[in-house]
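A short write-up of the structure that comes next.
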Amino acid sequence: MESSRSTHIKRLSFVGLLVTVGIIFGDIGTSPLYVLKAIVGDKPIEKELILGALSCIFWTLTLQTTLKYVVLTLRADNNGEGGILSLYALVRKASKQWVVFPAMLGACALLADGIITPSISVSSAIEGLRVINPDIPTVPIVISIITALFIIQQFGTNVVGKTFGPVMLVWFSMLAVLGLVQVSKRLDIFWAINPKYAYNLLFHYPSGFWLLGAVFLCTTGAEALYSDLGHCGRANIRVSWIFVKTCLLINYFGQGAWLLDQGEVGHLLNNRNPFYEIMPRSFLPFGIIIATTAAIIASQALISGTFTLVSEAMKLNLWPKMRVNYPTELRGQIYIPAMNWLLWLGCIFVVLYFKESGNMEAAYGLSITLTMLMTTLLLAQYLYIKRRNLFFPFILLIVYLSIELSFLAANLLKFAEGGWITLLISGALFFIMWIWYKARLIKDKLTEFEDFEPVLKKMRELSNDSTIAKYATNLVYMSAAPDASKIEKKIVYSIFQKQPKRADIYWIIHIEVLDTPYTTEYAVEKLVEDDVYRITFYLGFRVEQRINILFRKVVEELERNREVNIMSRYHSLKDYVTGDFKFVVLERYLPDEKELTSLERFVMRTYFFLSHYLSISEGKAFGLDTSVLVIEKVPLVLPKLQDFYPNLKRRK
């Protein structure tokens, strides 16, 4: 059940709208800092260019952000949650395996965006200082702000997050006021709404089509609308978007009006930023402070979204298990130390490599274009599954693949200017995800099960065999067996052969990760009365898998209901001391086994290498008490003796 505070925020209300403006629209809201500057660049300021650029911005925000995301994609909610992995969870069971690849590629591109967004947003804001002092070194200031931003992640953002809404409200209001001052001087600027100006720019202006790479920057935060669906709710996002879009367009058109004035007197942009040029000089210091704060908020929202994305990927077995901290009691607020510092290193590299925000634009646009393309594919699959009608999904694919592939082509033109950074980062992340996904398939294929029924009889006999020293009062194993009729051979091997493990009660725990986000349910099966129990936890893909706590809560409830006796079975401690618990986790290693193909051997070797350096242990991943945890190594494939020394003979 969701907290009353979360439910209240998701309902359409002033508080909900304020929170939505604060945490969802930071990325797209800071786009006016660099979009028109990127479009115009060093080109002569001409009416055809400016009106065409504004027309492209207007229709991109309308078709891409409003229609695709606000109207269509927000409908694909997974029990109130959104994001590309939530969408994947919605369609994966009713689809073929291909859907995992757009999900992984989109998620990796979004992770790459988590590196580029703080860099370009903060850099664009700080570069406003050059209007006051052209010689000021901005790179050290940008690095200092980004470093401070990542340092505070470990403490949580609950307190500072409460200011996000009011600050962003000030930001968007400032955008609108600055824009209104300029458009009031040139109301003819609104002719740019006519799509013919966009058409003329793309198909008649020299190299106009390739300007789409810069135009696309105006919608880079659209994916956040969907990713943050669970934080604010569909109604709040849709209503607040009307205000946000209006403010953005007024500011864009205001910048365009100022540019036309410059063009009419024969000026070039000369690396000036029209966003800061439309500010009164007396207001400029305050404008830079507000812009920097908005950029920090945009970066913070994306960093938090990255943590959530990685957490989801771990639950869906698409990413190495990493340590997850919960710095506040606010639901969904998580902190992943390893990812935090990897993102920080990536941001520092991007800032030092590119130095200027204008140099980052190619890498920035390419990452989001890839994510949007993958979302389009999964959305079309979702609509097909829901409607069982090919017509609407087909139309969606034709329209948005045409738009987004055009944006992609324009962004790829700048591959050598920085786009390669995005592909390098996304490719490296995709390789890790693919290895993790493929390794799980291989492990599932090689996992051998046997009927549990005959094993249960042996376990009862072992439990009652007083000639064997007791290993634990309660012995707990994690099992991947989908139902109680089967058990892994490796568990049987551990109980009877590795070392006979006599216990009073054997517990078999199975985790079923559901396609819903926050489900927490369990089922108990008494396989042998007072001897063997199986507990199945049904957990949503966003639920923290702290099995130690979940298991103990279930055991306490069973004890209260007199379904099990967990008191110590030792004669001297009987009836007044709770029995001890011991967890056994079986970790696999890769033997020299002929049954694996060359590709499978490569995948598994890479998997174990990444596990060693990136992943925490199974025990830590499941939150098990390390003081009562036993780790046993078992081979990925149980070796067959006949495969070794086939010519071995006894000497006569």
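Shape descriptor for the stretch 512-594: Rg over Rh equals 1.08 (Cα atoms; Rh from the Kirkwood inverse mean 1/r). For the pair LYS93 and ILE395, a Förster radius of 25 Å applied to the C-beta separation gives a FRET efficiency near 0.50, rounded to the nearest 0.05. When nucleic acids and ligands are ignored and a 1.4 Å probe is applied, LEU180 ends up with an accessible area of around 90 Å². Each residue of the stretch 200-212 was assigned a 3J(HN,Hα) from its phi angle through the Karplus curve 6.51 cos²θ - 1.76 cosθ + 1.60 (θ = phi - 60°); the sequence is 4, 5, 6, 10, 10, 6, x, 6, x, 4, 6, 6, 4 Hz, with glycine and proline shown as x.
If I stretch the segment between TRP191 and ARG238 completely, what's the gain in nm (0.36 nm per residue apart, minus their alpha carbon distance), one decimal?
Here the answer is 14.3 nm.
Annotation for the stretch 364-426: trypsin sites (Lys or Arg not before Pro) lying in DSSP loop with at most 13 further Cβ atoms inside 10 Å of their Cβ are ARG388.
The figure for LYS47 is an accessible area of roughly 120 square angstrom, using a 1.4 Å probe on the protein chains alone.
Working note: Cα gyration tensor of the stretch 61-212, eigenvalues times five, square-rooted, sorted largest first, giving semi-axes of 32, 28, 19 Å.
Across the stretch 337-440, C-alpha contacts under 8 Å between residues 6 or more apart give a mean separation that, scaled by the residue count, equals a relative contact order of 36 percent.
Taken about its Cα centre, the chain carries a charge dipole of about 1160 debye when Lys and Arg each add +1 at the Cβ and Asp and Glu each add -1 at the Cβ. A probe of 1.4 angstrom, applied to the heavy atoms of all protein chains, finds ARG238 with accessible area near 70 square angstrom.
Given R₀ = 60 Å, what would the calculated FRET efficiency be for SER627 paired with ALA416, taking r from the Cβ atoms and rounding to 0.05?
Numbers: r = 55 Å, r/R0 = 0.92.
With a Förster radius of 60 Å, E is 0.60.
Straight Cα distances below 21 angstrom link LYS620 to the lysines LYS315, LYS321, LYS443, LYS490, LYS553, LYS582, LYS633, with same-chain residues fewer than 8 positions distant left out.
Here the accessible area of the stretch 533-614 is 51 percent carbon and sulfur, with a 1.4 angstrom probe and all protein chains present.
Looking only at Cα atoms, what is the convex hull volume of the stretch 418-540 per residue, in Å³?
143
Short-range pairs are left out: with C-alpha atoms under 8 Å and at least six residues apart, the relative contact order of the stretch 374-492 is 21 percent. Would you mind telling me the antiparallel percentage of the DSSP bridges in the chain, rounded to 5? Around 35 percent antiparallel, to the nearest 5. Each principal axis of the Cα cloud of the stretch 77-151 was taken in turn, and the coordinate range along them, longest first, works out to 59, 24, 23 Å.
Which percent of the accessible heavy-atom area of the stretch 1-132 goes to carbon and sulfur, probe 1.4 angstrom?
Solvent-exposed carbon and sulfur of the stretch 1-132 make up 63 percent of the total.
Largest first, the extents of the alpha carbon coordinates of the stretch 350-402 on the three principal axes equal 50, 17, 9 Å.
Could you list the square roots of 5 times each eigenvalue of the Cα gyration tensor of the chain, that is, the equivalent ellipsoid semi-axes, sorted largest first and rounded to whole Å?
Whole-Å semi-axes of the equivalent ellipsoid: 55, 26, 22.
Using a Förster distance of 30 Å, how high is the FRET efficiency between SER173 and ASN325, based on the Cβ-Cβ distance and rounded to 0.05? Efficiency, rounded to the nearest 0.05: 0.25.
Modelled this way, with points 7 Å down the Cα-to-C-beta line, the labels at TYR589 and LEU284 are 6.6 nm from one another. Here is the list for the stretch 65-102: trypsin sites (Lys or Arg not before Pro) lying in DSSP coil, each with at most 12 other C-beta atoms within 10 angstrom of its C-beta, are LYS93, LYS96.
Take the stretch 1-127 with all the other protein chains still there, run a 1.4 Å probe, and you get 31 Å² of accessible area per residue.
Modelled spin-label separation between ALA148 and GLU450, with each label point placed 7 Å from Cα along the Cα-to-Cβ direction: 6.4 nm. As a fraction of the 1.4 Å probe accessible area of the stretch 237-367, surface on carbon and sulfur atoms comes out at 64 percent. For the stretch 91-145 and the stretch 415-465, what is the centre-to-centre distance using only Cα atoms, to the nearest Å? What the calculation gives is 30 Å, centre to centre.
Size of the stretch 379-442 from its Cα atoms: along the principal axes, largest to smallest, the extents are 40, 39, 10 Å. Placing pseudo-labels 7 Å out from each Cα toward the beta carbon at ILE385 and ASN565 gives an inter-label distance of 4.8 nm. Counting only alpha carbon atoms, the long axis of helix 361-387 and the longest principal axis of the chain meet at about 60°. Residue separation of PHE349 and THR163 scaled by 0.36 nm, minus their Cα-Cα distance, works out to 64.0 nm of gained length.
How much accessible area per residue does the stretch 346-446 have, in Å², with a 1.4 Å probe?
Per residue, the stretch 346-446 has 42 Å² of solvent-accessible surface.
The values are calculated or read from the model by the stated rules, or taken from the named source; none is laboratory data. Source: prediction; values computed, not measured. Positions of Cβ are generated from backbone atoms using ideal geometry, with glycine treated the same way; all protein chains shown enter the neighbour counts. Surface areas here come from the heavy atoms of the whole protein model, side chains and all, with no ligands, DNA or RNA. Shrake-Rupley method; radii C 1.70, N 1.55, O 1.52, S 1.80 Å.
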